[in-house]
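In what follows, a structure is listed as structure tokens, so that the remarks can point back to it.
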Amino acid sequence: MCKQENRMEEKKFNPKQLIGYVLIMGLVIWMFYNNRPTEEELKEQETQKTEQVVKEISSEKAKTKVVTENDFSANAVKDSASLVQLNNKLGTFAYSASLPSATDKVTEITNDFLKLNFSNKGGYLSSVELKDFKTHDQKPLYLVKDDNSSLNIKLTTTDNRILNTKDLYFEPSVTKNGANQVVSMKLKVSATQFLEYRYEIKANDYMVDFTIKSQGLSNVINTSNGVDLNWDLKARVNEKSLSYENQNTAIHFFQDGDLECLGFSEGDDIAESVNWIGFKQHFFSSILLADTTFKKITVKQANYIESDTTDAEFLKGFELLAPLNVSGGEISQNMSWYFGPNDYEILKSYTDLGLEKNVNLGWGIFGWINKFLFIPIFGFLSANLGASLGYGAIIILMTIVVRIFMSPLVYKSYLSSAKMKVIRPEMEKINKKYPDKKDAMKRQQETMKMQRESGVSMMSGCIPAVLQMPIFFALFRFFPSEIGLRQKNFLWAEDLSAYDEVLKLPFNLPLYGDHVSLFPIFASVAIFFYMRMTQSQQANMQQPVQEGMPDMQKMMKYMLYFSPLMMLVFFNNYASGLSLYYFVSNLLTITIMLAIKKFFIDEDKILAKINETKKKPKKQNKFQKKMQEMMEEAEKQKNSKK
């Protein structure tokens, strides 16, 4: 009983305890309030924290050493003191600078097509010469020379150094792999630890196998943030026409079966899953191909040529940044280089790579016409007759083949024009019968009815002309892109792939240039007479002038002078082979048209045939019937509104 009462007493509320707790809490709050830091003390603490952070960052920067080529030079290791100094700058990579190969020497390798110089410094190509080609002034043609290109990997080491491989010395060795020559460039940190650039050169190939791999460097370089390859090149001037070569110089890359072009001015781009990247010039390219794909690339392009530039050493500057494959802290990337001509057949021989798309043959149907028609024709003629007749004669023969192939269309167009000329008096009668604007629909119905009864269609004259347009535009791309015409002469033209200068001007005319080319003048004169001859033919295809409608004949008169003038201006800097083709083509077309008019077209017979056709019952095809119904419905709606 007593124990139970004692427990109950212990559980009773004790006000003294509550008062004690309150007093203690108040005392604690008072102490915190009185001991809080002042505003001045808070600012001082913040300043001290900032200074501490700055000291820590400075300390980290001091630990990370960025090494450039100015930090050492070839043969810098002359004594132990120099070696210690080099170790302080390069860390473990000082080993490569202590070897006898730490000089600016080069290793020269040649095959049937290429002459390559590999530099100890940077382990990359110091020169690439194409043995079978010359520049426009007959000098050796180099894609790489005089430091216009570099290959670099920025390495971050585990001891916080940043090194650029282009500044370091590689040890070269040359071996054989069957008939192929192998050049191994090794950036060593010891006898068994190195970064290797391996080049394999075949005897008769523009393609060079290229591999980057490391051995035993997982504890030397930090690959946690990836390792990027940087390749840059300044495109050297190789051709006679500076502006035209620059228009055809750009970065190309192949992605998902499609060719992407960076354009012909300055720009940059980022792409993923890229098969190859090409630094393309007019007739030659430097292309880097991945064994599989580059996961992601960044490309940049700079333009060095302005519209009024007449002399330069470089056209554009190209730059590529691409990540390398890293596994287990080691670099391993298989690639290939292509240094060679933009020859469609050569590039196509590298199957399943899409390199032939690097040649600009035009888009869509124009490219197909060039691939399957003009390239085979030109290849056959040049292979069998090029050496004996010359390439100017090949262009003339090719033009004859094309014009013969197109002559049925010319005949069809001219025949349609002759038919329209015969029925033109009847068309004028219809116009006089329905002269007002309000009768336009009725006039059109009567015109179509008369043409249908006569067996004449305006479309029959337009379609042949339209069918010839793809040929025109395809050849516009073919001749400037055909490397077979490069530096092939004809008459006064020294190079059929460049302009045929006969007079140098003391000034530069906008759009026209600083010279006079002769073949564009001939082509302009020929197209003038061709258009003048066909003007009456085109007038026959037009309906008589109606009130309120533009006078097409008047517009064609303007075109008679405008088109030859435009050809004269713009073709002055184009390939002379293209101007030669248009000159011969227009002459042949004029000749064919005169022959058709004299021997194949008889207007009296055409009129007699039209009169016979009128007597026969006519059946409308579905299109004609639909057009007739639409015009009748429109006429009804017009009358209902009155």
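The values are calculated or read from the model by the stated rules, or taken from the named source; none is laboratory data. The structure displayed is predicted, hence computed values, not measured ones. Here the Cβ is made from the backbone with ideal geometry for all residues, glycine too, and neighbour counts use every protein chain on show. Side chains included, ligands, DNA and RNA excluded: accessible areas come from the protein's heavy atoms. Shrake-Rupley method; radii C 1.70, N 1.55, O 1.52, S 1.80 Å.
With all protein chains in place and ligands, DNA and RNA left out, the 1.4 Å accessible area ranks S517, S327 as S327, S517, largest first.
Probe radius 1.4 Å, ligands and nucleic acids left out: which of M533, M406 has the largest accessible area, and how do the rest follow?
Values: M533 50, M406 5 Å².
Solvent-accessible surface, decreasing: M533, M406.
When the residues T156, T211, T292 are ordered by accessible surface, computed with a 1.4 Å probe over the protein chains alone, the sequence from largest down reads T292, T156, T211. When the charge dipole of segment 181-275 is built from unit charges on Cβ atoms (+1 for Lys and Arg, -1 for Asp and Glu) and taken about the Cα centre, the candidate among A271, V183, A250 whose Cα reaches farthest toward its positive end is V183. With Cα atoms defining each centre, segment 240-307 and segment 121-180 are spaced 20 Å apart in the structure. Share of carbon and sulfur in the accessible area of segment 215-338 stands at 38%, probe radius 1.4 Å. Surface composition of segment 366-420: carbon and sulfur make up 74 percent of the accessible area, probe 1.4 Å. Counted residue by residue at 0.36 nm each, then reduced by the alpha carbon distance between them, the extension gain from M469 to K139 reaches 114.8 nm. Between T298 and D256, the modelled labels are 2.2 nm apart [label points 7 Å from Cα along Cα→Cβ].
A 1.4 Å probe, protein heavy atoms only, puts the accessible area of E501 near 60 Å². In the context of the full set of protein chains, residues of segment 86-201 present 40 Å² of accessible surface per residue (probe radius 1.4 Å, heavy atoms only). Taking all protein chains as they are arranged and a probe of 1.4 Å, the heavy atoms of R532 leave approximately 140 Å² accessible to solvent. Solvent-accessible surface of segment 262-333, averaged per residue with a 1.4 angstrom probe and all protein chains in place: 44 square angstrom.
Calculated accessible area for segment 490-539 comes out at 51 Å² per residue, all protein chains present (probe 1.4 Å; ligands, DNA, RNA ignored). A Cα-only calculation for segment 143-302 places Rg and Dmax at 17.7, 53 Å.
E345 sits with roughly 100 Å² accessible to a 1.4 Å probe, with DNA, RNA and ligands left out of the calculation.
When a 1.4 Å probe is rolled over the protein heavy atoms, the share of accessible surface on segment 92-178 that falls to carbon and sulfur comes to 45 percent.
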